[in-house]
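Beneath this line is the structure, given in structure tokens, with notes to follow.
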Amino acid sequence: MTIMDGPEGLRFDLFVRKVCKCLVLTEGMRRRAKAIPLQGRLRLNVVSREDIFLFKSVTERDQDLADMAMLVSPALRWDVIRQEIAEQPESWRWVARVYLKLVELERTKGITSPLMKELEPEAETVTAIAVLVNRMGRGPIAQPEARELLDPQSETFHRLVLKRMLDLGIARERDGLYELVEGR
């Protein structure tokens, strides 16, 4: 990433391939971007307010939350943000960050995103995946231990998380034990 500051305080963040090791520039983002002619044949493609909102939701700078609040208006298309999250490769790795940023936006700015209820179960699941990945780094794990680590009161949550890990190719099951897939 390169940050460029202009003379009047204008700031550009230039990213190559990924934003904060999370988001990639998808075809949807390219279609939504607006081309601004600069000089001659030079033009600047500016991503949509929805994509900027999403970028801000995965970064950790002090001003990001205020910027997100500024971007929220009746014109902000939450459905576009929802669709972009779904189209991003490996969004499961960072969707909990988006959810937590939306919680913080509600808590500090009084802005409630319609995406919060939808993202909450996914954020809980991927947070649980992180717990199990950490534990599985020490060796295979059986379902009872996964249940104890995640939610001893739930009969099903640990199963849902383990299944998700299998579906994502993070883990594999052998003889009732779950282990990390090497190279993941």
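Values in this text are rule-based calculations from the coordinates and carry no lab data. Remember, predicted model here, so these are calculated numbers, not experimental data. Cβ coordinates were reconstructed from backbone atoms using ideal geometry, including for glycine residues, and neighbour counts include every protein chain displayed.
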- [ ] With respect to GLU124, determine if the residue is closer than 24 Å to VAL24 by Cα, touching a residue at least 60 places away in the same chain (Cβ under 8 Å) and charged (D, E, K, R).
- [x] no
Task: Search result, residues across segment 146-173 that are in a helix (DSSP H, G or I) and surrounded by fewer than 16 Cβ atoms within 10 Å (Cβ to Cβ) - done: GLU148, ARG159, LEU160, LYS163, LEU166, ASP167, LEU168
Task: Among (1) outside any helix (DSSP H, G or I); (2) touching a strand residue (DSSP E or B) at 6+ places or on another chain (Cβ under 6 Å); (3) touching a residue at least 12 places away in the same chain (Cβ under 8 Å) - the single one LEU44 does not satisfy - done: (3)
Task: Residues located in segment 84-94, provided they are assigned to a helix (DSSP H, G or I) and either touching a Lys or Arg at 6+ places or on another chain (Cβ under 7 Å) or surrounded by 14 or more Cβ atoms within 10 Å (Cβ to Cβ) (or both) - done: GLU84, ILE85, SER91, TRP92, ARG93
Task: Residues of segment 119-142 satisfying the condition of being in contact with a strand residue (DSSP E or B) (Cβ under 8 Å, 6 or more places away or on another chain), part of a helix (DSSP H, G or I) and over 14 Å from ARG93 (Cβ atoms) - done: LEU132, ARG135, MET136
TODO: Mind listing whichever residues of segment 26-47 are surrounded by fewer than 16 Cβ atoms within 10 Å (Cβ to Cβ) and touching an Asp or Glu at 6+ places or on another chain (Cβ under 9 Å)?
DONE: THR26, GLU27, ALA33
Task: Residue selected from segment 95-121 under the condition under 18 Å from ARG164 (Cβ atoms) and surrounded by 19 or more Cβ atoms within 10 Å (Cβ to Cβ), by the criterion farthest from the chain's Cα centre (by Cα) - done: LEU119
TODO: Please specify each residue of segment 65-101 satisfying the condition of being touching a residue at least 60 places away in the same chain (Cβ under 8 Å) and aromatic (Phe, Trp, Tyr).
DONE: TRP92, TRP94
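Please specify each residue of segment 48-75 satisfying the condition of being assigned to a loop (DSSP other than H, G, I, E, B) and surrounded by 16 or more Cβ atoms within 10 Å (Cβ to Cβ). Quick ask: steps written out before the conclusion?
We begin by selecting, within segment 48-75, every residue assigned to a loop (DSSP other than H, G, I, E, B); these are 48, 59-63, 72-75.
Hits for segment 48-75 are SER48, THR59, VAL72.
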